[in-house]
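The values are calculated or read from the model by the stated rules, or taken from the named source; none is laboratory data. Every value quoted in this text rests on a predicted model; they were computed, and no experiment measured them. Here the Cβ positions follow ideal geometry from the backbone for every residue, glycine too, while neighbour counts run over all protein chains shown. Just the protein is used for accessible areas: all its heavy atoms, side chains included, with ligands, DNA and RNA removed. Shrake-Rupley method; radii C 1.70, N 1.55, O 1.52, S 1.80 Å.
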Amino acid sequence: MIKLNVVVGTYNEEFMLKHWLMHHKKIFDHGIILDCKSTDSTLDLVRNIVPTWEIITAKNYKWFDSEINDKEIMECEEKLNGWKISLNTTEFIICSDFRKKVQELDDSNYD
């Protein structure tokens, strides 16, 4: 069976994150939260809703730089085996059977 992974960058995302985590924990086997030193309840939500997902503190947390951020996301993805996707907390996977769709892509050897 394929493994589905997600990486999401966060900074004070408590408003959307609860809904995002509740939705995506049913889809993904594993997740990495790349946190930019949130000061709200972001990390508490992660620990309570998806306690097995990893939390990594971003190196790029003092001054946001999109190039550095993208590099950190890619470094997180490199650690993962299986299929991986990077989303932000406003992006939701909406598919009746996402695992089946990804499995079809995997079976077809589509790059």
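Residues to consider are Thr42, Thr10; find the one that is touching a residue at least 40 places away in the same chain (Cβ under 8 Å), in contact with a helix residue (DSSP H, G or I) (Cβ under 7 Å, 6 or more places away or on another chain) and β-branched (Val, Ile, Thr). It would help to see each step written out before you state the result.
Details: Thr42 fails: touching a residue at least 40 places away in the same chain (Cβ under 8 Å).
Result: Thr10 is the single residue among Thr42, Thr10 that is touching a residue at least 40 places away in the same chain (Cβ under 8 Å), in contact with a helix residue (DSSP H, G or I) (Cβ under 7 Å, 6 or more places away or on another chain) and β-branched (Val, Ile, Thr).
Could you please give the count of residues in region 35-45 that are in contact with a Leu (Cβ under 7 Å, 6 or more places away or on another chain) and open to solvent by less than 30 Å² (accessible area, probe 1.4 Å)?
Taking region 35-45 as the starting set, the residues that turn out to be in contact with a Leu (Cβ under 7 Å, 6 or more places away or on another chain) are 35, 42, 45.
Subset that is open to solvent by less than 30 Å² (accessible area, probe 1.4 Å): 35, 42.
Total meeting the criteria: 2.
Name the one entry in Glu67, Glu77 that is assigned to a helix (DSSP H, G or I) and touching a residue at least 60 places away in the same chain (Cβ under 8 Å).
Glu77
For residues that are under 26 Å from Asp65 (Cβ atoms) and among the charged types (D, E, K, R), scanning just region 11-29, find the one that is least open to solvent (accessible area, probe 1.4 Å).
Top of the filtered list is Glu13.
Of the residues that sit in region 48-71 and are open to solvent by 40 Å² or more (accessible area, probe 1.4 Å) and under 14 Å from the mean Cα position of the chain (by Cα), which one is nearest to Asn88 (Cα to Cα)?
Looking at residues that are open to solvent by 40 Å² or more (accessible area, probe 1.4 Å) and under 14 Å from the mean Cα position of the chain (by Cα), I get Asp70.
From the list Ile85, Ile32, which residue is among the aliphatic types (A, V, I, L, M), open to solvent by less than 80 Å² (accessible area, probe 1.4 Å), modelled with pLDDT of 95 or more and in contact with an Asp or Glu (Cβ under 8 Å, 6 or more places away or on another chain)?
Ile32
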